[in-house]
Structures are given as structure tokens and as C-alpha cells.
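Novice: Encoded as C-alpha cells, here's the structure I'll be asking about.
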Amino acid sequence: MARNIQSLERAAAMLRLLAGGERRLGLSDIAASLGLAKGTAHGILRTLQHEGFVEQDEASGRYQLGAELLRLGTTYLDVHELRARALVWTDDLARSSGESVYLGVLHHHGVLIVHHVFRPDDSRQVLEIGAMQPLHSTALGKVLSAYDPVAHSEAVEADRKAFTERTVCDLDGFERVLDVTRARGYAADAEETWEGVASIAAPIHDRRRMPVGAVGITGAVERVCPGGELRHELIAAVRDCARAVSRDLGAGRF
């Protein structure tokens, strides 16, 4: 059996201690509660503070949970609420479109797939939950880059790799794509990331009208955009799904 890493166990115990009981604790209190030497406790606290998981009050010198840990916790809750609200609507979208459906959120300079509904046929498919997609070339990524300022900054600052000859890599061209995305309320990817594959995606907003993710369909280019033109009924279905999930998240009508 693999042994646990003691320093990580101590750090986890420290975070649990700070999460319960008093809001702020001093070094001596933390060390005594966990049975640690002050020097050991201080070293762990200093590392956690550097990573943003713990903050130290300048006046009292006491420690409390940091903003980074709280942000991670909120993100976890938001993603799981988003997925829960989207389950029925994404199933409906897969049935009505006949294509695979993906739900994505911004994560580490890319799009994290948090939900995937298989195309409703008998073909062999691979579950892609947890997969990452690029921001600049995929429909999901373009939507996030168009509506989320953080995603936009990350996409602009990134090395926009050319996956196919159709990938838009130059900054001016990419910004024009985002302008079009905002103007029409959806994004498309016609063989810009994968040869023979096309996608359509639309933004999902929460009760604060903030973009929290994107939903889209992906399929063979000849089905999604036959003759080079996106099928209007697929665009409408994706946008309807995004609006329905947004309403369930409290965003009201879009």
C-alpha cells in the first residue's frame, strides 16, 4: 500500500482546523491543536499562504482561510450546479440534433469538458468528460473568449496554434471572430480544430448574468454544415438549450 505524504496530511488538517471553530487562529493555537512544533506549523502555513490558501491578518498575526481556497470551493459548486441544471436540456439537445453534446467551462487556459452526451446512434464513442479543448479554435472556446473577460485575456495572451489550415491564429482575425460571435450569440468551428469535424456553441449565464460556461454540439462537417453552411435548425437548437440552462440558473430571459 502506498504511504501518504505527511506534509500534505498536515496541510489538509490545518485547512480543516481553520475551516471550523474560530474564524482566525494564531500559530501557537494551530501548532498545539495539531500536535506540531511551531517551526513545522509555521513552515506549512507559510507555504499555504504563498499559494493563497491561507491569509494572515497583519494586525493580529492570526491565520484564516485564503481567497484562493474559497474561489476553488465556489468553482466546484458552480460547475456541479451547472452540470446538474444542464442534464435534461443537453439530453434533449442530443436527441433533437442527432449529434454529440458538450458542456464546457474555462479552466487552465482552455475549455474543460464537464458533461458529454453521446450522439444518439449505435456508433462507437468515447466519453470525453475531463478532456481539454483550446480556447481560440473550438466553438466552446470562442464562446467563452467572447463573453468571459478572463477567457478573452487568456486566449489573447496564449500561443494560438494552427491545428488545421482553417484555424484563425492572428490576433486581429481572432478578435473579429469574437465580435461576430457576440453579435449573433453563438460560435462555430468548421474544421478549425479537427479535420472533418464541425461544432456550434452558445453561452450559458448565471443569475448574475455572468458567463459560466458554454454548451455545444459536435459532429461530422457534412452533417453540421452541409455545403459549407451551418444548418439553421442546429443553431436554433443550441441557442435554445443555452437559454434554457441559463434560465434554470436564474438568469431570466436572454
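Novice: I'd like to verify a number: residues in segment 131-151 that are open to solvent by 50 Å² or more (accessible area, probe 1.4 Å) and closer than 23 Å to Leu87 by Cβ, how many? Working first, answer last.
Specialist: Our first condition is that a residue be open to solvent by 50 Å² or more (accessible area, probe 1.4 Å); within segment 131-151, this holds for 132, 147, 149-150.
From the residues that got through so far, the ones that are closer than 23 Å to Leu87 by Cβ too are 132, 147.
Number of matching residues: 2.
Novice: Mind listing whichever residues of segment 176-216 are over 17 Å from the mean Cα position of the chain (by Cα), among the β-branched types (Val, Ile, Thr) and crowded, with 24+ Cβ neighbours inside 10 Å?
Specialist: Ile200
Novice: For segment 106-138, what are the residues that are out of contact with any Ser or Thr (no Cβ under 9 Å at 6 or more places or on another chain), within 23 Å of Ser96 (Cβ to Cβ) and outside any loop (DSSP other than H, G, I, E, B)?
Specialist: Ile113, Val114 - these are the residues of segment 106-138 that are out of contact with any Ser or Thr (no Cβ under 9 Å at 6 or more places or on another chain), within 23 Å of Ser96 (Cβ to Cβ) and outside any loop (DSSP other than H, G, I, E, B).
Novice: I need the full set of residues from segment 207-224 which are part of a helix (DSSP H, G or I), out of contact with any Ser or Thr (no Cβ under 8 Å at 6 or more places or on another chain) and in contact (Cβ under 8 Å) with a residue 40 or more places away in the chain, in order please.
Specialist: We begin by selecting, within segment 207-224, every residue part of a helix (DSSP H, G or I); these are 221-224.
Still in the running and out of contact with any Ser or Thr (no Cβ under 8 Å at 6 or more places or on another chain): 221-223.
If the condition is that a residue be part of a helix (DSSP H, G or I), out of contact with any Ser or Thr (no Cβ under 8 Å at 6 or more places or on another chain) and in contact (Cβ under 8 Å) with a residue 40 or more places away in the chain, then Arg223 is the only one that fits.
Novice: I've got another one for you. Test Ser28 against the stated conditions and say whether it is modelled with pLDDT of 90 or more and either within 30 Å of Asp121 (Cα to Cα) or buried (at least 17 other Cβ atoms within 10 Å of the Cβ) (or both). If you could, list the steps in order and put the result at the bottom.
Specialist: Details: modelled with pLDDT of 90 or more: yes; either within 30 Å of Asp121 (Cα to Cα) or buried (at least 17 other Cβ atoms within 10 Å of the Cβ) (or both): no.
No: the conditions fail for Ser28.
Novice: Inspect segment 155-164 for any residue being crowded, with 19+ Cβ neighbours inside 10 Å and not in a helix (DSSP H, G or I) and give the result as yes or no.
Specialist: Here is the first cut: in segment 155-164, the residues crowded, with 19+ Cβ neighbours inside 10 Å are 155, 160.
When the remaining residues are screened for being not in a helix (DSSP H, G or I), the result is 160.
Within segment 155-164, one or more residues are crowded, with 19+ Cβ neighbours inside 10 Å and not in a helix (DSSP H, G or I).
Novice: Restricting to segment 166-195, what's the tally of residues that are of a type in the set (A, V, I, L, M) and over 16 Å from Val224 (Cβ atoms)?
Specialist: At the first step, the residues of segment 166-195 found to be of a type in the set (A, V, I, L, M) are 168, 171, 177-178, 180, 183, 187-188, 190.
Filter again for over 16 Å from Val224 (Cβ atoms), leaving 168, 171, 177-178, 180, 183.
Qualifying residue count, segment 166-195: 6.
Novice: Moving on. Is segment 180-193 home to any residue that is over 17 Å from His136 (Cβ atoms) and in contact (Cβ under 8 Å) with a residue 40 or more places away in the chain? Outline the logic, then answer.
Specialist: Residues of segment 180-193 over 17 Å from His136 (Cβ atoms): 183-185.
Now narrow it down to the ones that are in contact (Cβ under 8 Å) with a residue 40 or more places away in the chain: 185.
Within segment 180-193, one or more residues are over 17 Å from His136 (Cβ atoms) and in contact (Cβ under 8 Å) with a residue 40 or more places away in the chain.
Novice: Of Arg83, Arg46, which residue is in a helix (DSSP H, G or I), open to solvent by 40 Å² or more (accessible area, probe 1.4 Å), of a type outside the set (Val, Ile, Thr) and modelled with pLDDT under 90?
Specialist: On the way: Arg46 fails: modelled with pLDDT under 90.
The unique qualifying residue is Arg83.
Novice: Gly141 is checked against (1) modelled with pLDDT under 95; (2) part of a helix (DSSP H, G or I) and fails just one. What number does that condition carry?
Specialist: Just one mismatch for Gly141, condition (1).
Novice: Hey, among Arg239, Arg176, which residue is more than 19 Å from Ser96 (Cα to Cα), modelled with pLDDT of 95 or more and out of contact with any helix residue (DSSP H, G or I) (no Cβ under 9 Å at 6 or more places or on another chain)? Show your work before the answer.
Specialist: Numbers: Arg239 fails: more than 19 Å from Ser96 (Cα to Cα).
None of the others qualify; the one that does is Arg176.
Novice: Then there's this: Kindly provide the set of residues from segment 165-175 that are among the hydrophobic types (A, V, I, L, M, F, W, C) and surrounded by fewer than 16 Cβ atoms within 10 Å (Cβ to Cβ), ordered by number. Show your work before the answer.
Specialist: First, the residues of segment 165-175 that are among the hydrophobic types (A, V, I, L, M, F, W, C): 168-169, 171, 174.
Once the filter is applied, which keeps residues that are among the hydrophobic types (A, V, I, L, M, F, W, C) and surrounded by fewer than 16 Cβ atoms within 10 Å (Cβ to Cβ), segment 165-175 yields Cys169, Leu171.
Novice: Further question: Of all residues in segment 193-206, count the ones that are closer than 18 Å to Leu106 by Cβ and in a loop (DSSP other than H, G, I, E, B). Show your work before the answer.
Specialist: Start the filter on segment 193-206 by keeping residues that are closer than 18 Å to Leu106 by Cβ, which leaves 193, 199, 201-206.
Remaining after also requiring in a loop (DSSP other than H, G, I, E, B): 193, 206.
Result for segment 193-206: 2.
Novice: How many residues are assigned to a helix (DSSP H, G or I) and either under 13 Å from Leu93 (Cβ atoms) or open to solvent by 10 Å² or more (accessible area, probe 1.4 Å) (or both) if we restrict to segment 225-254? Step through it out loud before you land on a result.
Specialist: At the first step, the residues of segment 225-254 found to be assigned to a helix (DSSP H, G or I) are 226-228, 232-248.
Of the ones still in play, those that are also either under 13 Å from Leu93 (Cβ atoms) or open to solvent by 10 Å² or more (accessible area, probe 1.4 Å) (or both) are 226-228, 232-245, 247-248.
Qualifying residue count, segment 225-254: 19.
Novice: Here's something else I'd like to know. What are the pairs with Cβ atoms under 8 angstrom where one residue, in segment 113-127, is within 22 Å of Val143 (Cβ to Cβ) and the other, located anywhere, is part of a strand (DSSP E or B) and open to solvent by 50 Å² or more (accessible area, probe 1.4 Å)? Sequence gap at least six, or different chains.
Specialist: Ile113/Met132
The values are calculated or read from the model by the stated rules, or taken from the named source; none is laboratory data. Quick caveat, the model's predicted, so the values are computed rather than measured. Positions of Cβ are backbone-derived with ideal geometry, glycine not excepted, and every protein chain shown enters the neighbour counts. Keep in mind that these areas ignore ligands, DNA and RNA; they rest on the heavy atoms of the full protein, side chains included. Shrake-Rupley method; radii C 1.70, N 1.55, O 1.52, S 1.80 Å.
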